Every structure is written in C-alpha cells, then in structure tokens.
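Asker: This is the structure I have questions about; it appears just below.
The values are calculated or read from the model by the stated rules, or taken from the named source; none is laboratory data. On a predicted model such as this, the values are computed, not experimentally measured, just so you know. All Cβ positions, even for glycine, are placed from backbone atoms using ideal geometry, and neighbour counts span all protein chains on display. In case anyone asks, the SASA skips ligands and DNA or RNA and just uses the protein heavy atoms, side chains included. Shrake-Rupley method; radii C 1.70, N 1.55, O 1.52, S 1.80 Å.
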Amino acid sequence: MKEAKLPASKAKKERLSKFTSFLFVLPYLLLFLAFLFIPLVYGIYISLHDYNLLSSVQPFIGFENYATIFNPDSAMNSLFFEGLGNTVKFVIFSVPLLVAIGLGLALLLNSIPGKLRTFFRTIYFIPYAISVSVVSIIFLWILDTNSGLLNMYLMDLGFDAIPWLTKQPFAWISLIGATIWWTLGFNMIIFINALNEVPEELYEAGAIDGASAWQKFIHITLPTIRPIMLFVIITSTIASFNVFGQPYLMTRGGPGDSTEVLLMGIVNLAFEERELGVASAMALLMSLIMIVISVIQF
Amino acid sequence: MKKNGKQIGLIVLASVIGLLFLIPLIWMISTSFKNDFEAIAGGLNWIPENFTFENYLYTLTGDGVDVPIFRWMFNSLFAGLAGTAIIVAIDALAAYGLARLDVPFKKYLFPLFISTLMIPFVITFLPMYMQFSNFGLLNTYAVLIFPYTANAFGVFLLYQFFKSFPKELEEAAKLDGANKWQIFVKIVIPSAKPIIWTLAIFSFMGIYNDFLWPLVATNSPDMRTITTGIAIMQQGSFTSSYGKLMALTTIATIPILIVFLIGQKQLIKGITQSGIK
C-alpha cells in the first residue's frame, strides 16, 4: 500500500511544482501574447484586407495589397520603392561611417591615459542619452540657412551660406551628420570593450616580429574583433533601416521627396490617408528585409 | 620624448572631438537664454548679449500658448518609471523561471522569446495601434506603457545572469524550508541588483526617449510625451522662436541626462553584454 502511494504523491508534487514554476513565466507570457504575438498575427490579417479606416467595411482581398505594391503602374509601387530606395541610401551612407568612426574613437580612447579615457568616453557618449526629437531640433537650429551656427561661421570665413536642409546633397549630409553625432557612442562603447578583449600577448608577439602599429591593427586587432565588428555592422544597419525621426523633423522628407524614407511613407499612409491595409503590407515587407539582415548574423 | 609628444597629440585630438560632441548642447543652452531677436540675428555670441530667462518663463507658465509642458514631462516620467517597474519585475520572474525552475516547455519558450528580439517594431506598431484603438485605449497611460513591456531584451539579459548564478545559495535556502518564491525574493533578487539596474536604466531611457510610438498613439495635447510634445511645438507655434525651442529641449533633456550620468556604468554594461553572443 505504502509503496504504491509514494510514486503517486511524488507525481502530484511534481505537477504542483511545475505549476508554481509556470507562474513565474506567466506574466511575461501574457504580455508577449498581447503585445508581440497578437499584433504579429493581426498585422498579417490587416494586410490581407482593404483596411481603410474611413470606410465602414474592410473586406478581405487576399494578397491584393501586396500585388498593388509590386504593380509598377500603381502609386503604391512608387511610394514603397522610392521610400525603400531612400532608406537604403541612408543605410549605405551612414553605416560605414558609424562603424569606422566608432572604431576610430575606440582606438583613440584606448591609446590615451586611463583617467582622460573615462572622461572623454562620457563626453562622446552623452548624445546617445538624448531623444531623436531633441537631436533633430538642435540640428535644425544649428543648420538653419539664415541664422544657424554653422553658416554663421562659414560666412565669417568668407564662404557662401549653404542650404543645409533644402538642397541635395546637403540634406543627406545633414541627416547623416546628426545621426552620427547622436548614435556614434553606442558603437564606440562596444568597440572599446572588444579592443580590451584582444590578448596582450598577441601585440607583444607582434612587437617582437617588428610589426608597425598599422600592421598590428590589420593583422591582430581586426581579425580578433571580427565577430563584434559583424555585430556592430548588423545592429547599425537595422537601426539605420528604422530611420524616421531625423527626416520627419529635419527635412520633412524634402527637398522634393528625396529624404522621404520608407517608414515615413508607411506612417503617412496609415495615419494621414488611413490606408492601414496597404501600410501594413508595406510594414511587413520592410520587416522581412530587416529580419533577413539580422539572420545573416548567425 | 617622442612617445610623450604622440600622447599629447592624441589628447589634443580627443579634446577637439570632445568639443565637437559638446558644441550642439552648449549652443542649445546658450540659445535658450537669448531673446528671439538675438537668436534670429544669428550672432556668434556663445554668451548671450542680453541674458534672459524669458524663454523658460514663457514655456513653463504656458503664457499665450497652451503648452502643458509639466503635463508632458509628468507623462514621460510616469510612463518611463511605470514601464520600467513592470519590465524589471516581469522579466526577472520569467528569466529566473526559465533559467532555474522546472517550467514546462521551457526548452521551447526561451528560444521563442529570444527569437522575437529580431522582430522589428515596424511589424507590430500598426496592428498594436488598432488593438488599442478597438478598445478605446488610445490617449491613455496604458498605450504609453504596455507596448514596451513585451521586449525580450531583459529576459535575455537576466537569463544569462541567472544561468551563471551559483546553485549552492538556493540549495541552502531550500534545506531551510524556503519555497521558490521566498528564494526568489530573498536570495536571487538581492544578488541580481546590479544587472537589474542595468535593465532599469536601459528600459527607462528607451521609453522616455521613444518618438514614433507616442507620436502615432496619442493625439490629445494632454497625453503627449515630452519628446513628441516638443516636436509638435517645433512644427506649430514655436516654429521659428529658437530661443523658446531651445529652452524646451533643454528642459526635456535635463532628466534623462541625469539618469544617463548616474547610470552610465550600468548602461555600458548592458550594451557590452548585448554584444556578447
């Protein structure tokens, strides 16, 4: 009798233990379902409907929203692909600079004395704490054609005023400059950490072989930090793909539509024209591109 | 000698770059103390000629325009603090459960949660807008708080910590008759304080500084956050009053700058740990 009862009570105890353990995960699981899983499914659902918020019915239309985006004669086609083109331009211009200058600053900080290093690291990192709207408004002011700080100095030196935000290529230069100022610190921090992980012995061995600083950088530093480098490139690419606030506030997509990035187009379509169906289809396609980029990492 | 010269050169270079990073902020503060006339005249005076507090008085008292700046600041701080508290509590529970307890299906749950780190916000923000809209919850605090709480970053960060946490402490407590909850509250959480601070700083900055979501999810003036509020002012009644705009951006930046300077170490730890795969 006793022997038969023991396993049963043990199984019961185990079930109870599993249940109480599950309670630890339950709150997060609920939030996960409500604010990640359901939106994901709901987003696909919306993208398969003619989902105009101003209309009283939102009929199912299958893949028509996607077909419109890929139909070269439709306005949605140019909206999506021109927006995507502008976003890709921003990525291509900004990522190499964000990575290279981030690494450059990390190398610079690593070669100055410890106390100063911490001090300058803080200074370079400060802009990262500021919100994109504050960053954009500060740069709007500095880059103002008539009374901005930058043009005042240029004119002082005898140059003409430059229309930083209303003519290309200056508009791109301004957006990328502001972005670099804002987010560079993040990459720099990761690189500083990666550089500290490079084993000192490797450099010592290099020094014995008579390697110059440049050779040590190319043959020792770069190969060692390669995985981190890849991580920084991917995260910078994803971050730049999400660009919205800077062109939304600084150039408002101009001059013309030249800086109207994809996310701006999607937001406009959804919240100005209330065309949520097509906008969701575009958002899904854009996300797909970003997911593919981040999968490369693994 | 040669080495010293090189060191000095590098320090000078670092200082010049440091100045480039600080100039926009110094100019912001300097402009905030100039009257609109002096600002627009575009002089290069770093110290305002006619030093004035009028921009701060004007924006803070809302004279002439309806600028509920205190309300915006309160919204941002409240959403930031409440969101952070929820994230920390819920992520710690989930991460501990997945790392140490006999949670059913944890082999599948953890990879499922972590894989969502790759899901960009773009994919969820439109349907999430509709979800809140369907329940009539736009322009509430719920909309400014809950969407941030499903992020798996904290679960990932704390999971790594709990995995490497020594088992002995837990086992000793178990022998003393403590249950899971008591062990979690009395032993695990106190030892995880530094990493929890890291998550808290990260979360607070993320919520306080977010722009796109509060921009689309709120439209009543009372429910704006400070980051979206100043953007609205820039496109509206302050459009070319740079003195007032700079006062507004200075006010918006002060709280987050304080958090940043206090929590810098934790922030750096979080960033470097997110880079370790």
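Asker: Cut-off under 17 Å on the C-alpha distance; same-chain residues fewer than 8 positions from residue B:193 excluded. Which aspartates and glutamates are left, in chain and number order?
Answerer: In chain and number order, the partners are B:91, B:170.
Asker: Carbon and sulfur together cover what percent of the accessible area of region B:35-142 at a 1.4 Å probe radius?
Answerer: 70 percent
Asker: Going by the alpha-carbon gyration tensor, a ≥ b ≥ c the square roots of its eigenvalues, is region A:59-157 rounded (a/c under 1.5) or, if a/c is not under 1.5, prolate (a/b greater than b/c) versus oblate?
Answerer: In terms of gyration-tensor shape, prolate.
Asker: For region B:113-129, take each phi angle, set θ = phi - 60°, evaluate the Karplus expression 6.51 cos²θ - 1.76 cosθ + 1.60, and give the result in whole Hz per residue in order, putting x for glycine and proline.
Answerer: 5, 5, 5, 6, 4, 7, 7, x, 4, 3, 6, 9, 6, 6, x, 5, 4
Asker: Shifting gears a bit: With each label point set 7 Å from Cα along the Cα-Cβ vector, what nm distance links residue B:187 and residue B:52?
Answerer: Each label point is offset 7 Å from its Cα along the Cβ direction, giving 6.5 nm.
Asker: Once the convex hull of the C-alpha atoms of region A:78-295 is built, how many Å³ does it hold per residue, rounded to a whole number?
Answerer: So the per-residue hull volume is 150 Å³.
Asker: Identify which of B:219, B:75, B:134 has the largest mean-square fluctuation in a Gaussian network model of chain B, with springs joining Cα atoms closer than 10 Å.
Answerer: Comparing B:219, B:75, B:134 in a Gaussian network model of chain B, the most mobile one is B:134.
Asker: Ok, one more. Under the rule a/c < 1.5 gives rounded, and otherwise a/b versus b/c splits prolate from oblate, where does region B:154-277 land using the Cα gyration tensor?
Answerer: prolate
Asker: Mind checking Rg over Rh on region A:1-109, alpha carbons, Kirkwood formula for Rh?
Answerer: So for region A:1-109, dividing Rg by the Kirkwood Rh gives 1.33.
Asker: Still on this structure: What percent do you get for the relative contact order of chain B when only Cα pairs under 8 Å and 6+ apart count?
Answerer: 31 percent
Asker: Counting only helical runs of four or more DSSP H residues, what would the 222 nm mean residue ellipticity of chain A come to if each run contributes -39,500 (n - 2.57) and the total is spread over all its residues?
Answerer: Computed ellipticity for chain A at 222 nm equals -22500 deg cm²/dmol.
Asker: Then there's this: Among A:215, A:58, A:246, which one moves the most in a GNM of chain A with springs linking Cα atoms closer than 10 Å?
Answerer: Result for chain A, Cα springs under 10 Å: A:215 fluctuates most.
Asker: Within a 10 angstrom radius of each residue's Cβ in B:14-21, how many Cβ atoms of other chains show up on average? Whole number is fine.
Answerer: Whole-number average of other-chain Cβ neighbours for B:14-21 is 6.
Asker: Right, next: Would you rank A:156, B:91, B:210 by solvent-accessible area, highest first, keeping every protein chain in place and using a 1.4 Å probe?
Answerer: Greatest to least solvent exposure: A:156, B:210, B:91.
Asker: Still on this model: Over region B:2-61, consider all pairs of different Cα atoms and compute the Kirkwood hydrodynamic radius from their mean reciprocal separation; express it in Å, one decimal.
Answerer: With all distinct Cα pairs of region B:2-61 included, I get 13.8 Å.
Asker: Based on the Kirkwood radius over alpha-carbon pairs, what is the Stokes-Einstein translational diffusion coefficient of the protein assembly as shown at 25 °C with 0.890 mPa s viscosity, in µm²/s?
Answerer: Translational D for this selection: 94 µm²/s.
Asker: Treating each Cα of region B:1-149 as an identical point scatterer and ignoring solvent, apply the Debye formula and state log10 I(q)/I(0) at q = 0.18, 0.19, 0.20, 0.21 Å⁻¹.
Answerer: -1.11, -1.17, -1.22, -1.27
Asker: Quick check for you: with a 1.4 Å probe and neighbouring chains kept, what is the accessible area per residue of region A:206-298, in Å²?
Answerer: Solvent-accessible surface per residue comes out at 42 Å².
Asker: First select every other residue whose beta carbon is under 13 angstrom from the beta carbon of residue B:51; then total the charges, Lys and Arg +1, Asp and Glu -1.
Answerer: -2
Asker: Loop only by DSSP, 15 or fewer other Cβ within 10 Å of the Cβ. Give me the trypsin sites (Lys or Arg not before Pro) in region A:100-189 that pass, ordered by residue number.
Answerer: Answer in residue order: A:167.
Asker: Kirkwood Rh over Cα pairs of region B:134-201 into Stokes-Einstein at 10 °C, 1.306 mPa s: D in µm²/s?
Answerer: 110 µm²/s
Asker: Suppose all protein chains stay in the model; what accessible area per residue would a 1.4 Å probe give for region B:69-275, in Å²?
Answerer: About 39 Å² of surface per residue is accessible.
Asker: Determine the sum of side-chain charges near residue A:83: Lys and Arg each +1, Asp and Glu each -1, restricted to other residues whose C-beta is under 9 angstrom from that of residue A:83.
Answerer: My count for the surroundings of residue A:83 gives -3.
Asker: For a 28 Å ceiling on Cα separation, which of these pairs sit above it: A:115/B:167; A:12/B:107; B:244/B:269; A:12/B:174; B:34/B:269; B:163/B:186?
Answerer: Pairs exceeding the cut-off: A:115/B:167; B:244/B:269; B:34/B:269.
Asker: Find the eigenvalues of the gyration tensor of the Cα atoms of chain B, then list the square roots of 5 times those eigenvalues as equivalent ellipsoid semi-axes, largest first, in whole angstrom.
Answerer: Three semi-axes, in Å: 42, 28, 16.
Asker: I would also like to ask the following. Kindly provide the chymotrypsin sites (Phe, Trp or Tyr not before Pro) of region A:29-93 that DSSP labels as loop, not H, G, I, E or B, and whose Cβ sees at most 13 other Cβ atoms within 10 Å.
Answerer: Answer in residue order: A:63.
Asker: Separate question: Please report the buried accessible area for the interface of B with A, total over both chains, probe 1.4 Å, in Å² to the nearest 100.
Answerer: The buried area between B and A, both sides summed, comes to about 8200 Å².
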